[in-house]
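> Before we start, here is the structure in question, set down as structure tokens.
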Amino acid sequence: MESQAQDSVRRLIVLSGIRPTGPLHLGNHLGAVRDWVDLTNRGEYDCYFFLANLHMLTTRSAALHTEGKKSGVDPKELYDDQVGLVLDLMAAGIDPNKALIYAQSTIPELTELMWLLATFTPVSRLEGMHHFKEKKGKLEEEGVGANAALLTYPVLMAADILGVQADIIPVGEDQNAHVEYARDMARAFNREYGDLFPVPDVWQTKALRVPSIDCSGKMGKSHPEGSVFYTDSEKVIRQKFSRAVKATANPPRTQSDWRNDPGDPATCNVFSFFDLVGSSEDKSWAEAGCRGATISCGECKARVAVLVNEIMAPIRERRLSLETDIGRAQAVEILHEGGKKARGRVQEIVTRAKEMVGIPAF
Ligand code: ADP
Ligand code: TRP
């Protein structure tokens with residue numbers, strides 16, 4: 001690990017964030033949150049997990065505001081999503097007694113650090129980021145423009161990371177470019193002013209991208225029909241897989257005469273789920289059955305739904321039992337306590353950074 005500024009006795013710091021845009025889904029779970037639980041339970045690291053609520057605001061559209069319309073981000077809904085996200089993280093298995101859970105907005109010093117890092121960042125680097133181009137393109141398709149905060153999204157993300165001197169960043173592979181940028185920021189600062197920031201590493205047990213069930217890109221909160229959420233019942237999971245007409249092989253196998261219509265698993269979205277949630281026996285069963293036309297697409301989808309449900313059932317049960325007034329009040333308290341502790345650390349580090357740059361609070 002390349003950590004120039006690391007104090008040899010301190011425990012390594014794990015940090016990751018997630019935007020409160022709605023309930024967590026299988027993609028978040030397999031791509032990131034499962035690793036968060038695992039890293040926390042090892043007991044070797046100081047773990048920081050936060051709600052990236054400032055990042056959440058970046059997809060608000062600038063154009064709507066100039067036209068005098070509302071942005072579509074409802075404050076009440078956003079509040080509920082944040083409380084719900086804490087409950088989701090606990091349901092996934094993150095114990096707030098072992099990891100800090102907090103909200104980005106509790107720590108104003110992060111935006112100060114973001115400003116310092118922005119001064120090291122060429123605008124062209126931000127304009128070239130894949131995430132920015134993709135989100136900007138989507139907003140433009142909707143006839144509205146990207147706001148300035150969307151452009152500076154990676155700078156705030158680097159501040160989140162460097163602000164606690166984090167070492168290990170468990171994220172899905174779509175976030176790799178952002179962590180690479182944070183690494184460059186750590187190096188740039190250290191080169192200019194002396195060692196302060198460890199150069200963080202991405203953590204992925206397995207780099208994976210969970211597809212949307214209905215072939216509409218990656219599984220994501222913005223596409224409920226193609227996603228399996230923590231609270232989805234067994235029946236809903238089954239229905240989502242069975243209804244996904246396009247999710248079977250391309251071209252789809254005949255439904256009525258499937259025994260005479262062998263398929264090609266390599267072109268099937270449902271088959272790709274066996275790699276994510278199945279054993280090698282499950283995968284061989286589906287591959288042979290599809291190629292040999294001994295199973296129908298319906299049987300294959302039903303098997304995937306069972307495997308997905310096996311992962312989701314314990315999470316769903318915990319999530320439903322947390323969904324009470326007491327659970328919600330407890331979530332707010334967890335954010336409050338986690339925020340106080342995380343803020344203390346960020347304040348120390350940002351104060352140091354400002355002094356090193358020569359702009360202390362006089
Ligand atoms: P969403 O796209 O649903 O809004 P986020 O962007 O908030 O989710 O992502 C939170 C974490 O979950 C990130 O680390 C991201 O890489 C991971 N993640 C999200 N969707 C997927 C997916 N479909 N497959 C793998 N990882 C994912
Ligand atoms: N950009 C991340 C996502 O969309 C969320 C995030 C914000 C994050 N700040 C971070 C992740 C710092 C890891 C570290 O998923």
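The values are calculated or read from the model by the stated rules, or taken from the named source; none is laboratory data. None of the values given here were measured: they were computed from a predicted structure. Every residue, glycine as well, gets a Cβ built from its backbone with ideal geometry; the counts of neighbours run over all protein chains shown. The protein model used for the area step is the full one, side chains on, heavy atoms only, and it has no ligands, DNA or RNA in it. Shrake-Rupley method; radii C 1.70, N 1.55, O 1.52, S 1.80 Å.
> Please count how many residues of segment 143-194 are modelled with pLDDT under 95 and on the phi > 0 side of the Ramachandran plot.
The number of residues fulfilling the criteria is 1.
> Residues that are open to solvent by less than 50 Å² (accessible area, probe 1.4 Å), modelled with pLDDT of 95 or more and either within 16 Å of ligand 2 (Cβ to nearest atom) or in the same structural domain as Arg343 (by TED's automatic domain parsing) (or both): does segment 55-68 have at least one?
Within segment 55-68, one or more residues are open to solvent by less than 50 Å² (accessible area, probe 1.4 Å), modelled with pLDDT of 95 or more and either within 16 Å of ligand 2 (Cβ to nearest atom) or in the same structural domain as Arg343 (by TED's automatic domain parsing) (or both).
> Something else now. Kindly establish whether Val236 is in a helix (DSSP H, G or I) and open to solvent by 30 Å² or more (accessible area, probe 1.4 Å).
Answer is yes for this residue.
> Also, I was wondering about something else. Pairs, please: C-beta under 7 Å, at least 6 apart or cross-chain, first residue in the same structural domain as Asn28 (by TED's automatic domain parsing) and in segment 174-203, second of a type in the set (Ser, Thr, Tyr) and not in a helix (DSSP H, G or I)?
Taking only residues 6 or more apart or on different chains, the pairs are Pro198/Ser3; Val199/Ser3.
> Against the condition surrounded by 20 or more Cβ atoms within 10 Å (Cβ to Cβ) and out of contact with any Pro (no Cβ under 7 Å at 6 or more places or on another chain), how does Ser296 come out, does it pass?
When the stated conditions are applied, Ser296 passes them.
> If the Cβ limit is 6 Å and pairs must be 6+ apart or interchain, which residue in segment 329-342 that is closer than 13 Å to Lys98 by Cα pairs with which residue that is assigned to a helix (DSSP H, G or I) and at pLDDT 95 or above?
Ile334/Val86
> Sticking with this one: Output the residues belonging to segment 240-256 that are at pLDDT 85 or above and either in contact with a His (Cβ under 7 Å, 6 or more places away or on another chain) or surrounded by fewer than 19 Cβ atoms within 10 Å (Cβ to Cβ) (or both).
Ser242, Arg243
> If I filter segment 279-289 down to residues being under 33 Å from the mean Cα position of the chain (by Cα) and open to solvent by less than 30 Å² (accessible area, probe 1.4 Å), which single residue comes out as nearest to Gly217 (Cα to Cα)?
Ala286
> Which of the helices (runs of 4 or more DSSP H) found entirely inside segment 89-193 contain at least 3 residues meeting this: within 15 Å of ligand 1 (Cβ to nearest atom)?
By residue number, 130-141, 153-162, 176-193.
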